[in-house]
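The values are calculated or read from the model by the stated rules, or taken from the named source; none is laboratory data. Computed from a predicted model, the values in this text were never measured in an experiment. Every residue, glycine among them, receives a Cβ derived from its backbone with ideal geometry; neighbour counts consider all protein chains shown.
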Amino acid sequence: MAVYALNPLQDSRWADFFGRHPRASIFHAPGWLEALQRTYGYEPIVYTTSGPGSPLTNGIVFCHIRSWLTGRRLVSLPFADHCEPLADSATERNEIFSFLQLVLEREKLKYIEIRPLSTDLRGEPTVQESNSSCFHLLDLRPTLEDLFRRFQKDSIQRKIRRAEREALFYEEGRSDMLLKQFYLLFVLTRRRHRVPPQPIDWFRNLVTCLGDRLKIRVASKAGRPIAGIMTLRHGDAMVYKYGGSDASVHNLGAMPFLFWKAIQDGKVDGAQRFDFGRSDCENAGLITFKDRWGSQRSQLTYWQLPGQSASSRSQWKRKLKFAGPILACIPDRLLAASGRVLYRHAG
């Protein structure tokens, strides 16, 4: 069985295949791939056993990352919480993985990383576990009343009610004004966590390339934005991807308020799942916050060929921890500039 490579931004078969595959996510979307290419110069590629000119029956999508800092590698996919290998047949998947091993050796890549949501790659030869994190998913099929009753009373229900009593002003959309408000809050939060923010161009490109699949939601008090989140939409899933807030007014409940707005919007739009995304296992506060929504917690495992004792992600996190005290005090402009430089090497 032969394996072929295609460019998912030039070959229209990928958009059609992504649109009809039941396990495809927003991260498989051509728009996500185009935003990655525009912002970071990553080159997308799909490996498939479907020959040229025939409809796609399978495909695993990657981006080439060529970095002098973190090495040359294939990642499926950069900055995606998860990206399922869309190869349902074990035979086809094994054939693609065998070919990937040849690519790894021929192109002298540091590694190839795959980030499945549900596919267990434990049985694949030469594939080894890279990193694990927590993943939270909320079932949206119950009524809104039942969903609300399952939220933790003190941390979620009361915070939402407090936000409603405070009459927080809510806006949603994709305007440049909303993007700028969101980004200022995002930078504020990343500083608090001592991590550089991704460049605003990344978010601008996401807005442009994903269109109405993306929505920015901002809550304000007395004309001052105090919390913002960015959600993505595909199929039966709404995905929380990015957020930021002003910690000085957390008592007003703006973040739970925005999540509740997104959940309500998802229900109206026919979504059956709310994807809270991945959380680092050591981030107990974030994990607890997501638990309190009545979501189902599971383990999200990333895999690598050939598999290394110290993955690039682990090394990256250690370097950021070392730089944390510096990132916490440098001006916003320098903080944003550090993100423009560093994230190109991260993936």
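For the reader, a short list of remarks on this structure follows.
- Failed item in (1) within 30 Å of H21 (Cβ to Cβ); (2) crowded, with 21+ Cβ neighbours inside 10 Å, with D212 passing the rest: (2)
- Scan of the range 74-94 for residues that are modelled with pLDDT under 95 and outside any loop (DSSP other than H, G, I, E, B), ordered by number: A90, T91, E92, R93, N94
- The residues of the range 193-205 that are more than 12 Å from Y40 (Cα to Cα), in contact (Cβ under 8 Å) with a residue 12 or more places away in the chain and in a loop (DSSP other than H, G, I, E, B), listed by number, are R194, V195, P196, P197.
- Pairs, first under 19 Å from L147 (Cβ atoms) in the range 279-291, second crowded, with 18+ Cβ neighbours inside 10 Å, C-beta under 6 Å, six or more apart: K290/H136; K290/F276
- Taking first residues from the range 1-19 that are among the basic types (K, R) and partners that are modelled with pLDDT of 95 or more, the Cβ contacts under 6 Å between residues at least 6 apart in sequence or on separate chains come to R13/L56.
- Cross-chain or 6+ apart pairs with Cβ under 9 Å, the range 119-143 first and without any contact (Cβ under 8 Å) to a residue 40 or more places away in the chain and assigned by TED's automatic domain parsing to the domain that holds E84, then exposed (fewer than 13 other Cβ atoms within 10 Å of the Cβ) and not in a loop (DSSP other than H, G, I, E, B): G123/A90
- Count of the range 70-102 residues which are surrounded by fewer than 19 Cβ atoms within 10 Å (Cβ to Cβ), farther than 13 Å from N58 by Cβ and either out of contact with any strand residue (DSSP E or B) (no Cβ under 9 Å at 6 or more places or on another chain) or hydroxyl-bearing (S, T, Y) (or both): 2
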